[in-house]
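The values are calculated or read from the model by the stated rules, or taken from the named source; none is laboratory data. Just so it is clear, the model here is predicted, and its values are computed rather than measured. Cβ atoms come from the backbone with ideal geometry, glycine included; neighbour counts cover every protein chain shown.
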Amino acid sequence: MASFLLRHNRNLFARSLFGNKEHFRLYFQFKFQSLGAAANMLHSYSSSSGPIRNDFTDLTCPHSWYPKAREKHRRVILHVGPTNSGKTYHALKQLESSASGIYCGPLRLLAWEIAKRLNKVQVPCDLITGQEREEVDGANHKAVTVEMADVSADYQCAVIDEIQASKISIW
């Protein structure tokens, strides 16, 4: 009985695969058209030594990347120091005093700790990680893991904690 069902299902699959090829043709035609559209959306980069190229691997003009992000007027502060020197403490004090903000941490537990701390001092803060999402009514602050950060929103203060060059490829 089982061999009959397997043979019958295999025959149905073979008939659908070899009989009506229109579905597969349309599917692959759509995929290749999408690929062509993506290739047409490549930005033109030029260098002083050669002609204009359409190459997404060209890394010679980073100033032309992310034009909307470059339109924003912002101040970047890099706080570097030894362990237990108060880097995160000072950044969180600035975050608390701002009207809106986001804390980006490398670990879920660290984001949870910051959200709990901000909510404890009466600064409503959402917690958004890959595993959980706790939204507080009226919250203008967010504590997130780096991969869950909303980069399209505007914040008065953004704290990116534990930036390490060795982990950038993971993010």
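If you scan the range 93-131, which residues turn out to be in contact with a helix residue (DSSP H, G or I) (Cβ under 8 Å, 6 or more places away or on another chain), touching a residue at least 24 places away in the same chain (Cβ under 8 Å) and either over 12 Å from Lys142 (Cα atoms) or not aliphatic (A, V, I, L, M) (or both)?
Glu96, Gly101, Tyr103, Cys104, Gly105, Pro106, Arg117, Val121, listed by residue number.
Does the range 126-142 include one or more residues that are crowded, with 16+ Cβ neighbours inside 10 Å, in contact with a His (Cβ under 8 Å, 6 or more places away or on another chain) and modelled with pLDDT of 95 or more?
Looking through the range 126-142, at least one residue is crowded, with 16+ Cβ neighbours inside 10 Å, in contact with a His (Cβ under 8 Å, 6 or more places away or on another chain) and modelled with pLDDT of 95 or more.
Taking the criterion of being over 18 Å from Gln156 (Cα atoms), at pLDDT below 95 and among the aromatic types (Phe, Trp, Tyr), would at least one residue in the range 52-65 satisfy it?
yes
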